[in-house]
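K.L.:
Have a look at this one before I ask anything.
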Amino acid sequence: MKARSFRFRIVVWSVLVSGAVLIAFSWVTWLALQQSRGVSLDESLAAFGFRHATKASKNVDTTRFESSMVENFGEDKAETRFLAFLTREDEVIYRSQHWPEDVALEGFPGSEVLLDPQPNIPAPPNRKGGERGKGGRRDRLVMEPRYYTKEANGKRFRFGVFANREVKLVVGADLSEISAEMQSLRQAFLVALPGALFLVALGAWLIARRAIRPVETLRRDMKQVSAAALDSRLEVTGAAEEFVGIVEQYNAMLERLERSFRQANRFSADASHELKTPLAIMRGTLEQGLKRCDDNPEALEVFSQLLEQSDRLGAILENLLLLSRADAGKLEISAERIDLTTMLETWLEDAGLLAEARDITIRSKVEPGIVIKGDPILLQQVAHNIFSNAVRYNEKGGLIACRLSKSDNGIEWSVANTGTPIAEEDRERIFERFERSGLSGEGVGLGLSIVKEIIVAHEGTVTVRENAEGMVEFRVGFVA
């Protein structure tokens, strides 16, 4: 499963957190605004209700209330405001023309508790433009107001009941206006939310990109470090404070790795060189002993086996030296022009000698005139190792199929053999040193490692797979 990028996670979490905050903030704001509008409406109803309840009686003149509502609430809201005068026994004295028909007048009980203090309602001017005196009007004590919200015919209404000892004044308002306003606000938020989240995501992406830029630089520099360039170090100058410690630890790790790697390469090279001399002396001694024991068959067999093992030991030392040079980046190859077709035909003849002893058939399909640049000696070693494996791990009377072709993608050389298949999980491991997973027989597990190092030095690739015929196939690719 492919891991998601750190930037993607930052963007997702930023959008989720910001979205939750925006939704919560908008919801609280919406509720607060709705409550504020409700309080404002109640205050407007109270201002109108107290003004008329303080001077209303059963003989009140109701003809002026319609114009008074226009005066108090404005012409644009007068049609959504309505009132009714009732006696304390709920007998209707007056009901305005805009009163909702589906709302009954019986469901508005008034309070019995007198307000203390009474609302301070300024006296209206007299006809001559002056203020009435204390004896010019008769104020009535009003009760504690009551507020009700009722639903009728799919609409919601808000009512305020203002009573004195004689009558009740019921003032109402249609809440459709507030509901429409709150609905418009909610729709506006829903429309703006995706855009806001998009801006949050874009901002989070840009911030995350800028924040992890030092990590990208560190990754790019790390990618350039190889076994041939372990002496390179990352620059600490200009790095962010949070990454200075990481860079310093990485450089310290490279230093330890370089020191260990050089010691290992030096040991491998020195050991191989040091062993060459005693091995050469041993081989010379064995050859002399072999010449002197012609009349002793048992001694002759012993010296022959020892000489064979010394040759094998010499080959192992040469392989270790080659791998040591490859690890140190000092595996030098000559760039000679090689007729790969002709060379492969020669390799097939040599492989035929190995295969004949086990009655193995070799089938080849080689395109003519394929030329590459490379080192013939090293490529000869590659061919020897691949064909040796194809014979060694084949079944008796089996088959080896060799193919060489050229296309626009490059040059491809493959060698397939019958025998025990290699498990898929072992196909990469067989190129590791001293690894013979899925194989059996003699050897120390260096042959395929050498093949890979030589092919990589020629800027090629080598893989192993199971072909369509169920054979184990080694495929080598070169750039054309």
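Yes/no per residue for (1) surrounded by 11 or more Cβ atoms within 10 Å (Cβ to Cβ); (2) assigned to a loop (DSSP other than H, G, I, E, B); (3) at pLDDT below 70; (4) at positive phi:
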{"residue": "Phe108", "(1), (2), (3), (4)": "yes, yes, no, no"}
{"residue": "Glu112", "(1), (2), (3), (4)": "no, yes, no, no"}
{"residue": "Asp116", "(1), (2), (3), (4)": "no, yes, no, no"}
{"residue": "Pro119", "(1), (2), (3), (4)": "yes, yes, no, no"}
{"residue": "Pro122", "(1), (2), (3), (4)": "no, yes, yes, no"}
{"residue": "Tyr148", "(1), (2), (3), (4)": "yes, no, no, no"}
{"residue": "Glu151", "(1), (2), (3), (4)": "yes, no, no, no"}
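K.L.:
Testing Arg137 on (1) modelled with pLDDT of 80 or more; (2) under 23 Å from Phe85 (Cβ atoms); (3) among the charged types (D, E, K, R); (4) more than 60 Å from the chain's Cα centre (by Cα), one condition comes back false. Which one is that?
P.N.:
The one condition Arg137 does not meet is (1).
K.L.:
Let me ask another. Just need a number here: residues in the stretch 24-71 that are small (Gly, Ala, Ser) and in contact (Cβ under 8 Å) with a residue 12 or more places away in the chain. I'd like the intermediate steps shown before the answer.
P.N.:
At the first step, the residues of the stretch 24-71 found to be small (Gly, Ala, Ser) are 24, 26, 32, 36, 38, 40, 44, 46-47, 49, 53, 56-57, 67-68.
Of the ones still in play, those that are also in contact (Cβ under 8 Å) with a residue 12 or more places away in the chain are 26, 38, 44, 46-47, 49, 53, 56-57, 68.
The number of residues fulfilling the criteria is 10.
K.L.:
Now for a separate question. Only one of (1) outside any helix (DSSP H, G or I); (2) among the charged types (D, E, K, R); (3) at pLDDT 85 or above is not met by Arg37, so which one is it?
P.N.:
For Arg37, the failing item is (1).
K.L.:
Contact list please: Cβ distance under 8 Å, first residue in the stretch 175-196 and under 17 Å from Val39 (Cβ atoms) and assigned by TED's automatic domain parsing to the domain that holds Val103, second residue in a helix (DSSP H, G or I) and small (Gly, Ala, Ser), pairs at least six apart or on different chains.
P.N.:
Here the result reads Ile178/Gly38, each pair linking the stretch 175-196 to a residue that is in a helix (DSSP H, G or I) and small (Gly, Ala, Ser).
K.L.:
From the list Gly352, Gly374, Gly369, pick out the single residue that is crowded, with 19+ Cβ neighbours inside 10 Å and of a type in the set (Gly, Ala, Ser). Walk me through how you get there before you give the answer.
P.N.:
Details: Gly352 fails: crowded, with 19+ Cβ neighbours inside 10 Å; Gly369 fails: crowded, with 19+ Cβ neighbours inside 10 Å.
Only one candidate passes the filter, namely Gly374.
K.L.:
In the stretch 1-24, what residues are at pLDDT below 90 and either exposed (fewer than 11 other Cβ atoms within 10 Å of the Cβ) or over 43 Å from the mean Cα position of the chain (by Cα) (or both)?
P.N.:
Met1, Lys2, Ala3, Arg4
K.L.:
Something else now. Considering each of Asp350, Asp359, Asp327 in turn, give the residue that is acidic (Asp, Glu) and at pLDDT below 80. Walk me through it before giving the result.
P.N.:
Numbers: Asp350 fails: at pLDDT below 80; Asp359 fails: at pLDDT below 80.
From the options Asp350, Asp359, Asp327, the qualifying one is Asp327.
K.L.:
Which condition number in (1) over 60 Å from the mean Cα position of the chain (by Cα); (2) closer than 27 Å to Asn153 by Cα; (3) modelled with pLDDT of 85 or more; (4) assigned to a helix (DSSP H, G or I) is the one that Phe50 fails?
P.N.:
(2)
K.L.:
Scanning the stretch 299-323 for residues that are of a type in the set (Asp, Glu) and either more than 22 Å from Ile455 (Cβ to Cβ) or surrounded by 18 or more Cβ atoms within 10 Å (Cβ to Cβ) (or both), which turns out modelled with the highest pLDDT?
P.N.:
So in the stretch 299-323, the residues of a type in the set (Asp, Glu) come out as 301, 308, 311, 318.
Narrowing further to those that are either more than 22 Å from Ile455 (Cβ to Cβ) or surrounded by 18 or more Cβ atoms within 10 Å (Cβ to Cβ) (or both): 301, 308, 311.
On the way: Glu301: 79, Glu308: 76, Asp311: 74.
For the stretch 299-323, the residue satisfying everything is Glu301.
K.L.:
Still on this structure: Of everything in the stretch 356-409, what is part of a strand (DSSP E or B), under 24 Å from Arg465 (Cβ atoms) and of a type in the set (Lys, Arg)? Give them in sequence order.
P.N.:
Correct list: Arg363, Lys365, Arg403, Lys406.
The values are calculated or read from the model by the stated rules, or taken from the named source; none is laboratory data. Nothing here was measured: the structure is a model prediction, and the numbers come from that model. Quick reminder, even Gly has a Cβ in these numbers, built from the backbone with ideal geometry, and neighbours come from all protein chains shown.
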